[in-house]
Amino acid sequence: MKNLICQKCPNGCNLALEWENAENVFIAGNKCASGIVYAARVISKDNKTRIHAREETPLFSRETLKAVAGLWQVRLKKLHHNIPVQGSPERSVFRVVLEDNSGKFFLLEQILPKSLEHKRQIATTLDFLAKNNLARIQPYMADQKGEFIRKHKNNFWQIIPFVRGVTLDREKYMYEKWRAPALADFLVELRRKSGYLPFLDSCKVFSLKDYVYKLIREINLYNKDIKDEIKDIAFFLEKDFMPAYEKLPVAFCHGDYHPMNIIWSADDIKCVIDWEFSGFKSELYDAANLIGCVGVEDPQSLTGELVNSFIANMNKAGFISKTSWKYMVEFIVALRFAWLSEWLRRKDSEMIYLEMDYMRLLIDNKNSLQKIWL
């Protein structure tokens, strides 16, 4: 038995591999087909080893899924369990791609009862933005009564047209300059189209500052082996950034904007997905998260054409204040605490120390990065 953490996407599924013999391996724990691809790349050096997914009893019968799809007038023709779905599988209890009688594809998702209001808010927001002509998004479908979520036999469901895309090459994309204008254009348009959201309370603003301090307190209690290094990182943030944080302008943000949460075509963005953390935040939030996620793939990309072109396009649009830009490095460092929290939750020591090394690299190179970016 061997365990791996899948690196194909930020979800990091825990993969369990069991060898039947030298040529056949059974895999469990993957929440999408990408886990099989990743495991094959790691263990199959001679291309002779075959990886087989463990067959499990389906959570829902075809008849049940047919009835659920029918709530939105979608007539099920075929289920596609093997089509990989982008976006975190943790956002839903169960999901499956299905095809209707006309050959159209949909993604059907079961959601937890406790997340109903949050899911409705996301669906309402995407619907509003789509009606306000924000491109490169895909709203959820409403039934004949305008409901985005339906209940069927004590389970709650939502459905959305399935968008196929081109697989992102995680070894190359961070240096591909052509992606930068599309990434910047979407954020600029999101700002323009989200200036008025009548169903959201603009006074409810997520505080990254509070989040960081809360995690630091938890680390001091439960992760004392990294306490001293986190203290040094906190000192860097407290010198200037934390006192200024509450004064930074606020805007509606996607909340988890990075290339893995985008469905790409060969030369453009087809659809921005995973809006779970959307809401009012510091205006720098999405741009900083994007740059931080690109840089963690390969730190040298922080000064590469993609990042530099993205910043140039954002500056040209003038949608982020000079005051916010001043704190770009600090903001990226603060945002990495969210990723650190995930690695701590999973007790992934390798990723914990990688994350802290990355934060230290950003801190040590702050001045040189600012000169290049600004």
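Within the range 202-211, track down each residue that is of a type in the set (K, R) and either surrounded by fewer than 10 Cβ atoms within 10 Å (Cβ to Cβ) or assigned to a loop (DSSP other than H, G, I, E, B) (or both).
Our first condition is that a residue be of a type in the set (K, R); within the range 202-211, this holds for 204, 209.
Hit for the range 202-211 is K204, nothing else.
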For the condition in the same structural domain as S309 (by TED's automatic domain parsing) and crowded, with 19+ Cβ neighbours inside 10 Å, what is the one hit in F241, F199? F241
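Determine, yes or no, whether K119 is within 27 Å of E63 (Cα to Cα), surrounded by fewer than 16 Cβ atoms within 10 Å (Cβ to Cβ) and either over 19 Å from the mean Cα position of the chain (by Cα) or without any contact (Cβ under 8 Å) to a residue 60 or more places away in the chain (or both).
On the way: within 27 Å of E63 (Cα to Cα): yes; surrounded by fewer than 16 Cβ atoms within 10 Å (Cβ to Cβ): no; either over 19 Å from the mean Cα position of the chain (by Cα) or without any contact (Cβ under 8 Å) to a residue 60 or more places away in the chain (or both): yes.
So K119 does not fit the description; no.
Would you be able to tell me the number of residues in the range 59-111 that are within 24 Å of N30 (Cα to Cα) and either in a strand (DSSP E or B) or not charged (D, E, K, R) (or both)?
As a first pass, look at the range 59-111 and keep what is within 24 Å of N30 (Cα to Cα): 59-62, 64-65, 78-99, 105-111.
Imposing the further condition that a residue be either in a strand (DSSP E or B) or not charged (D, E, K, R) (or both) reduces the set to 59-61, 64-65, 78-89, 92-99, 105-111.
Of the residues in the range 59-111, 32 are within 24 Å of N30 (Cα to Cα) and either in a strand (DSSP E or B) or not charged (D, E, K, R) (or both).
Name the one entry in K214, K151, K114 that is assigned to a strand (DSSP E or B), surrounded by fewer than 17 Cβ atoms within 10 Å (Cβ to Cβ) and either at pLDDT below 95 or on the phi < 0 side of the Ramachandran plot (or both). Please lay out each step first, then the result.
On the way: K214 fails: assigned to a strand (DSSP E or B); K114 fails: assigned to a strand (DSSP E or B).
None of the other options fit; the residue is K151.
So which strands (runs of 3 or more DSSP E) stay within the range 231-314 end to end and still have 1 or more residues that are touching a strand residue (DSSP E or B) at 6+ places or on another chain (Cβ under 6 Å) and among the charged types (D, E, K, R)?
Working: elements: 250-253, 262-264, 269-272, 279-282.
Because the criterion is at least 1 residues that are touching a strand residue (DSSP E or B) at 6+ places or on another chain (Cβ under 6 Å) and among the charged types (D, E, K, R), the strands (runs of 3 or more DSSP E) in the range 231-314 that meet it are 269-272, 279-282.
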Out of all the residues in the range 131-142, is one or more more than 25 Å from P198 (Cβ to Cβ) and either in a helix (DSSP H, G or I) or in contact (Cβ under 8 Å) with a residue 12 or more places away in the chain (or both)? no
Checking I320 against (1) in a helix (DSSP H, G or I); (2) touching a Leu at 6+ places or on another chain (Cβ under 7 Å); (3) surrounded by 15 or more Cβ atoms within 10 Å (Cβ to Cβ), which single condition isn't satisfied? (1)
Is there a residue in the range 322-339 that is more than 26 Å from E189 (Cα to Cα), of a type in the set (S, T, Y) and in the same structural domain as H254 (by TED's automatic domain parsing)? no
Quick check: anything in the range 93-102 among the hydrophobic types (A, V, I, L, M, F, W, C), at negative phi, in contact with a Gly (Cβ under 7 Å, 6 or more places away or on another chain) and surrounded by 16 or more Cβ atoms within 10 Å (Cβ to Cβ)? no
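Scan the range 265-279 for residues that are touching an Asp or Glu at 6+ places or on another chain (Cβ under 9 Å) and either assigned by TED's automatic domain parsing to the domain that holds Q86 or farther than 20 Å from N133 by Cα (or both) and jot them down.
Here is the first cut: in the range 265-279, the residues touching an Asp or Glu at 6+ places or on another chain (Cβ under 9 Å) are 269, 274-278.
Of everything in the range 265-279, those that are touching an Asp or Glu at 6+ places or on another chain (Cβ under 9 Å) and either assigned by TED's automatic domain parsing to the domain that holds Q86 or farther than 20 Å from N133 by Cα (or both) turn out to be E276, F277.
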The lone exception for F128 - which of (1) surrounded by 15 or more Cβ atoms within 10 Å (Cβ to Cβ); (2) in contact with a strand residue (DSSP E or B) (Cβ under 9 Å, 6 or more places away or on another chain) it fails: (2)
Any chance D348 is assigned by TED's automatic domain parsing to the domain that holds Y211 and closer than 30 Å to E90 by Cβ: yes
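Among the residues of the range 154-166, how many are assigned to a loop (DSSP other than H, G, I, E, B) and free of Cβ contacts under 8 Å to residues at least 60 places away in the same chain?
If we filter the range 154-166 for residues that are assigned to a loop (DSSP other than H, G, I, E, B), which is where we start, we get 154, 162-165.
Subset that is free of Cβ contacts under 8 Å to residues at least 60 places away in the same chain: 154.
The number of residues fulfilling the criteria is 1.
I'm checking my understanding of the structure. Among residues of the range 340-352 that are part of a helix (DSSP H, G or I) and without any contact (Cβ under 8 Å) to a residue 40 or more places away in the chain, which one is surrounded by the most Cβ atoms within 10 Å (Cβ to Cβ)? Before the answer, list the steps.
The first filter runs over the range 340-352 and keeps only residues part of a helix (DSSP H, G or I), leaving 340-346, 349-352.
Subset that is without any contact (Cβ under 8 Å) to a residue 40 or more places away in the chain: 343, 345, 349-350.
Details: W343: 19, R345: 8, S349: 12, E350: 9.
Checked the range 340-352; the qualifying residue surrounded by the most Cβ atoms within 10 Å (Cβ to Cβ) is W343.
The values are calculated or read from the model by the stated rules, or taken from the named source; none is laboratory data. None of the values given here were measured: they were computed from a predicted structure. Note that each Cβ is placed from the backbone with ideal geometry, even for glycine, and that neighbours are counted across all protein chains shown.
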